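Below: one structure, written as structure tokens.
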Protein chains: 2
Amino acid sequence: MRDVYLAQLDRLADTLAGMCDRVAEAMQHATQALLNADLQLAEQVISDDVGTDELRAAAEEQAFALLALQAPVATDLRVVVSAIHAAGDIERMGDLALHVAQAARRRHPSLVLPDEVAPYFAEMGRVGVALAHKAAEVIRSRDAEAATELEADDDAMDDLHRHMFTVLMDRNWSHGVGPAVDITLLARFYERYADHAVAVARRIVYVVTGRMPGPLTV
Amino acid sequence: MRDVYLAQLDRLADTLAGMCDRVAEAMQHATQALLNADLQLAEQVISDDVGTDELRAAAEEQAFALLALQAPVATDLRVVVSAIHAAGDIERMGDLALHVAQAARRRHPSLVLPDEVAPYFAEMGRVGVALAHKAAEVIRSRDAEAATELEADDDAMDDLHRHMFTVLMDRNWSHGVGPAVDITLLARFYERYADHAVAVARRIVYVVTGRMPGPLTV
């Protein structure tokens, strides 16, 4: 019985890790689409998102099967519910990548970003994608140490996010309100994406250690 | 056994409905603080949010107790997991009200909003607060019909949200980039608040009917 439980739990972890890699790719492509006004790539990210939603549904089904067939109690129960929460976080990361792709599509064939802010978004994309891949690794390795690394990476994202606002608020900003509105929302999408990756890692820490790290800053 | 299960489920529903009323009040106060640059009220919303987080933890504990003691299967299991999701949505609504209050605090003693956009935010606040109270009612009544009403109310929020962008992008916008950035984020907070209220209602529809309504637009 215990072996069946652990095997099913491994399968659920595989599903979640696969979801993380998938939303990492989605954000990588969405960022490329944003930086290059690549309509085809944007469309691909948008149409592929349904696959992430399906994986989330599959993860929930696997979790339900564990709950119904194994009737786990105490820590095991919390592990399964944490996995259900993690699946929700990862699906939301996919939605945020989709929002980035939609911004690229909306302004096509124009570029959304003025040249001087493009490098910040290239970097936010890089940090976000790395966070999602690290979350996948943490799920696969259940390495609580590695999970804490994600918080430092998220600090880098927060710094980039804050810096974007400094650029927008600067007197030398010459691109007017329209691009500023786009950039404000886009920067928020990247920041939230990173927050959800950290939330996933924190749930894994909980699964591994039985203790939740301190409160998430929102 | 069944009676105990149903009594515990009622208690969990009461907790969730109470959370909805609480985040409705938080958004009402946050909107007042925003419109009147009321620092004291903003501080109150910010410090009260921890109470919502505690209620979310209490709801999860009640759900865990149900899962562990009653080992529900099939529909009952999905009901309890839906309640766990709903608790997460409602907690997030509280966070978004807190973000509105933080914006009011950040610009105090100045007003965040130029006079001409203040009425839109008064209306977004009114719609958001009504949505949260309706979600509470839906949880208490388990009335799937009432739940579908929330979708229409959410359309009103989406219209207001879209209209805000039209105002910002207008050539006559004279307030520059700074207020536009604030308004962009604030409008997003209200829109997301409404989305989560609708998500809560949809979960209740699922609990009552056993079927999830069509996909949420994001």
Legend entry - Flag if residue B:106 is without any contact (Cβ under 8 Å) to a residue 12 or more places away in the chain and either among the charged types (D, E, K, R) or closer than 16 Å to residue B:36 by Cβ (or both): yes
Legend entry - Any chance residue B:82 is outside any helix (DSSP H, G or I) and surrounded by fewer than 23 Cβ atoms within 10 Å (Cβ to Cβ): no
Inset, instruction - Would you mind finding the one in A:65, A:42 that is farther than 28 Å from residue A:178 by Cα, out of contact with any Gly (no Cβ under 8 Å at 6 or more places or on another chain) and not polar (S, T, N, Q)? - result: A:65
Inset, instruction - Just give me the residues in the stretch A:159-183 being more than 22 Å from residue A:99 (Cα to Cα) and of a type in the set (Lys, Arg), in sequence order. - result: A:171
Inset, instruction - Could you identify the single residue in A:81, A:117, A:129, A:112 that is free of Cβ contacts under 8 Å to residues at least 24 places away in the same chain and hydrophobic (A, V, I, L, M, F, W, C)? - result: A:81
Inset, instruction - Check whether at least one residue in the stretch A:109-118 is touching a Pro at 6+ places or on another chain (Cβ under 8 Å), within 14 Å of chain B (Cβ to nearest Cβ) and under 23 Å from residue A:60 (Cα atoms), and report yes or no. - result: no
Inset, instruction - Output the qualifying pairs, or none if there are none: Cβ atoms under 6 angstrom, residues six or more apart or on different chains, first residue in the stretch B:61-73 and at the interface with chain A (Cβ under 10 Å from one of its Cβ atoms) and crowded, with 17+ Cβ neighbours inside 10 Å, second residue not hydroxyl-bearing (Ser, Thr, Tyr) and not in a helix (DSSP H, G or I). - result: B:71/A:71
Inset, instruction - Please find, within the stretch A:141-186, the residue that is nearest to the chain's Cα centre (by Cα) out of those that are among the acidic types (Asp, Glu) and within 14 Å of another protein chain (Cβ to nearest Cβ). - result: A:182
Legend entry - Complete set of residues in the stretch A:33-56 that are in a helix (DSSP H, G or I) and among the acidic types (Asp, Glu): A:43, A:48, A:49, A:53, A:54
Inset, instruction - Kindly provide the set of residues from the stretch B:42-60 that are farther than 24 Å from residue B:122 by Cα and either crowded, with 24+ Cβ neighbours inside 10 Å or touching a residue at least 24 places away in the same chain (Cβ under 8 Å) (or both), ordered by number. - result: B:51, B:53, B:55, B:56, B:58, B:59, B:60
Legend entry - Failed criterion for residue B:131 (all others in (1) touching a Pro at 6+ places or on another chain (Cβ under 7 Å); (2) closer than 26 Å to residue B:11 by Cβ hold): (1)
Inset, instruction - Please find, within the stretch B:26-41, the residue that is surrounded by the most Cβ atoms within 10 Å (Cβ to Cβ) out of those that are of a type in the set (Gly, Ala, Ser) and under 26 Å from residue B:16 (Cβ atoms). - result: B:30
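Here, each number is a calculation from the coordinates, and none is a lab measurement. Here the structure is a predicted model, which is why all the values come from computation and not from measurement. Positions of Cβ are generated from backbone atoms using ideal geometry, with glycine treated the same way; all protein chains shown enter the neighbour counts.
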